[in-house]
Amino acid sequence: MLLKRVFGKPEKFSMYYKQILYEIDSLGIGSLWLIAIISVFMGGVITIQSAYNFTSPFIPLYAVGLGTRESIVLEFSPTIVSLILAGKVGSNIASEIGTMRISEQIDALEIMGINSAGYLILPKVVAAMFINPFLITISMFLGVLGGYIMGVASGACTSYEYIFGIQSFFIPFNIYYSLTKTVIFAFIITSVSAYHGYYTTGGALEVGKASTRSVVYNSILILVANLVITQLMLV
Amino acid sequence: MIEIKNINKSFGDRKVVNDVSFVFETGKTNIVIGESGSGKTTILKVMVGLHAPDSGVVEYDGRPFTQQSEKEKQEVRKEIGMLFQGGALFDSLTVEQNVAFPLDMFTNMSQEEKNERVNYCLAKVKLEGRNKLFPAELSGGMKKRAALARAIANNPKYLFCDEPNSGLDPKTSLVIDALIKEITQDLGMTTVVITHDMNSVMEIGQKILFIYKGNNWWTGTNKEILTTDNEEILDFVYASEFLKQLKPRK
Ligand SMILES: Nc1ncnc2c1ncn2[C@@H]1O[C@H](COP(=O)(O)OP(=O)(O)OP(=O)(O)O)[C@@H](O)[C@H]1O
Ligand SMILES: [Mg+2]
């Protein structure tokens, strides 16, 4: 029901276009720092842990680089970063739209003859589906870089081995798989939290609850979707 | 002209509006008065379609609004300007962006034309020079006035004001009353004003609907309200101890 209204015909394209640019900036660029820091550190930790576990003489040390790359590209960047975005962006969207609901701003849009669901939600969905793949790509790159820095700095592996590792057995399809996940997760994050915000009733307390609820639903849905997509694409 | 016929509305099992009918006339300021909680805002929200009535009909110049599809309702709503009781300004936009919003959405005005119109509306509500402030930086009364400027920005055919004067000092109140009356007459709007303020009622109440416990209890003009012998309306008008002494005796 809500989705149908979200994808209704816009009143004026230029206004939607402006909103999309604004949302790309606020949802995407606004999360860049958080993602960068998390990715570098997680990449580092994954490298050190892999090296710590690969103590068998039969496993070459370049497997550390390979393992780090695969963990980051397949799982950490698309799924874990999306979960973090579900917390940050999701609660932000739910509380923003929820506040607009309880302070009658959504009613004010409706009274003007504007499809409020479309105007408020569509730009967010489009913006996130567009910008998140870039964020995740950056996260992959920084994660692998973080692994290199910390791996070499901690002596877990040598620079040559790590670089050799991250270059070997590269499967382009994995990137495609990850970015597909990312786009689907972006859709889940924005639409689920917008839904919870849009149907808030009551006062400030309910806005808080809607925002919490949206993070919970987002996380569960992302994990379930992750399983389904992995089954469909990798198996 | 907006006509409401036999409007009923309940929330849960609480009946809030009970069989109210009225004709809001064009070019006049139609005023709805009544105690707090009597159902005034609810009637207004039924009229603009934010609440669906349990039964009854709302007609905008003969257009059967209540039975129309969502698309048709949107067309009617483009002719509506509404001032909400709480203002309902868009938090993320400045005052001038708020006022310009309906223009951005529904007109093809150039930027200069929009600026001119925005400044004109802001001057009308005595908010000139406050263009760049955000709603959070305004006082309660200023929010109300900015919201009124937004409501009239696109020259609506139907103007709804839910307590335009609450939170305003008597002097600014008069300015706002005069503004509402002026644009209503000059532009031939159909204006519906909810108020508690007896000053406004006497200043601009060309047609009055008195709501008592969700019922249409009394209708008349501002002159008639002084001479009526309806007990509830006299209680409402002469509420304070001071005014009770002025209350005409039968
Ligand atoms: N969304 C709602 N859900 C449930 N009850 C409501 C809702 N809106 C209003 N009511 C109830 O309807 C009654 C009438 O409310 P309404 O807002 O119409 O009063 P009002 O005449 O505008 O009062 P005031 O002058 O204080 O603004 C109140 O008792 C209120 O509790
Ligand atoms: Mg009210």
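Here are some notes:
- The smallest convex shape that holds all Cα atoms of region B:40-104, its convex hull, gives 111 Å³ per residue.
- Exposure proxy for B:R77, B:R117, B:R14, B:R150: other Cβ atoms within 10 Å of each Cβ, ordered fewest to most, give B:R14, B:R117, B:R77, B:R150.
- Distance-filtered residues of region A:54-89 - backbone nitrogen under 18 Å, label point 7 angstrom along A:F187 Cα→Cβ: A:78-79, A:82-83, A:86
- From phi via Karplus (6.51, -1.76, 1.60), per-residue ³J(HN,Hα) for region B:52-68 in Hz, x at Gly/Pro: 7, x, 5, 7, x, 10, 10, 10, 9, 6, x, 7, x, 3, 4, 9, 6
- FRET efficiency, A:T212 to B:V23 (Cβ-Cβ, R0 56 Å, nearest 0.05): 0.70
- Gyration tensor verdict on the protein assembly as shown (Cα atoms; rounded if a/c is under 1.5, prolate if a/b is larger than b/c, oblate otherwise): prolate
- Label-point separation, A:I84 to B:Q185 (7 Å along Cα→Cβ), nm: 6.5 nm
- Once the Cα-Cα distance is subtracted from the 0.36 nm per residue extended length, the B:E75 to B:L133 segment shows a gain of 17.8 nm.
- Taking 0.36 nm per residue of sequence separation and removing the Cα-Cα distance, the B:L93/B:L174 pair yields an extension gain of 26.4 nm.
- Cut-off under 5 Å, modelled amide H: who pairs with B:T191 long-range: B:G27, B:K28, B:N30, B:L159
- For B:Y212, the residues 5 or more places off, or on other chains, whose built amide H falls under 5 Å of its own are B:W217.
- Around the Cα centre of chain B, unit charges on the Cβ atoms of Lys, Arg, Asp and Glu (plus for the first two, minus for the last two) sum to a dipole of about 180 debye.
- Across region A:75-88, computed HN-Hα scalar couplings (Karplus, 6.51 cos²θ - 1.76 cosθ + 1.60, θ = phi - 60°) run 10, 4, 5, x, 8, 5, 5, 5, 5, 5, 5, 4, x, 6 Hz from first to last residue, x flagging Gly and Pro.
- Efficiency of FRET between B:L226 and B:R63 - r from beta-carbon atoms, R0 45 angstrom, step 0.05: 0.80
- Spatial offset of region B:53-131 relative to region A:207-235 amounts to 38 Å, using the alpha carbon center of each.
- Peptide A:111-118 has a mean of 6 when you count, residue by residue, the C-beta atoms of other protein chains within 10 Å of its C-beta.
- Per-residue ³J(HN,Hα) for region B:25-36, Karplus 6.51 cos²θ - 1.76 cosθ + 1.60, θ = phi - 60°, Hz, x for Gly and Pro: 8, 6, x, 10, 8, 8, 10, 10, 10, x, 4, 4
- Whether chain B is rounded, prolate or oblate, judged on the alpha carbon gyration tensor where a/c under 1.5 counts as rounded: oblate
- Inter-chain shielding of A:60-71 (mean C-beta neighbours from other protein chains, 10 Å cut-off): 0
- Extension gain for A:I171 to A:K12 (0.36 nm times residue separation, less C-alpha to C-alpha distance): 52.9 nm.
- Cross-link pairs B:K45/B:K144; B:K45/B:K143; A:K12/B:K5 - those with Cα-Cα distance over 23 Å: A:K12/B:K5
- Going by neighbour counts of Cβ atoms within 10 Å, the residues A:T190, A:T55, B:T94, A:T182 line up, fewest first, as A:T55, B:T94, A:T182, A:T190.
- Taking the Kirkwood radius as Rh and the Cα radius of gyration as Rg, chain A has a ratio of Rg/Rh equal to 1.08.
We did not get these values from a lab; they are worked out from the coordinates using the rules stated. Bear in mind the structure is a predicted one, so any value in this text is a computation, not a measurement. Positions of Cβ are backbone-derived with ideal geometry, glycine not excepted, and every protein chain shown enters the neighbour counts.
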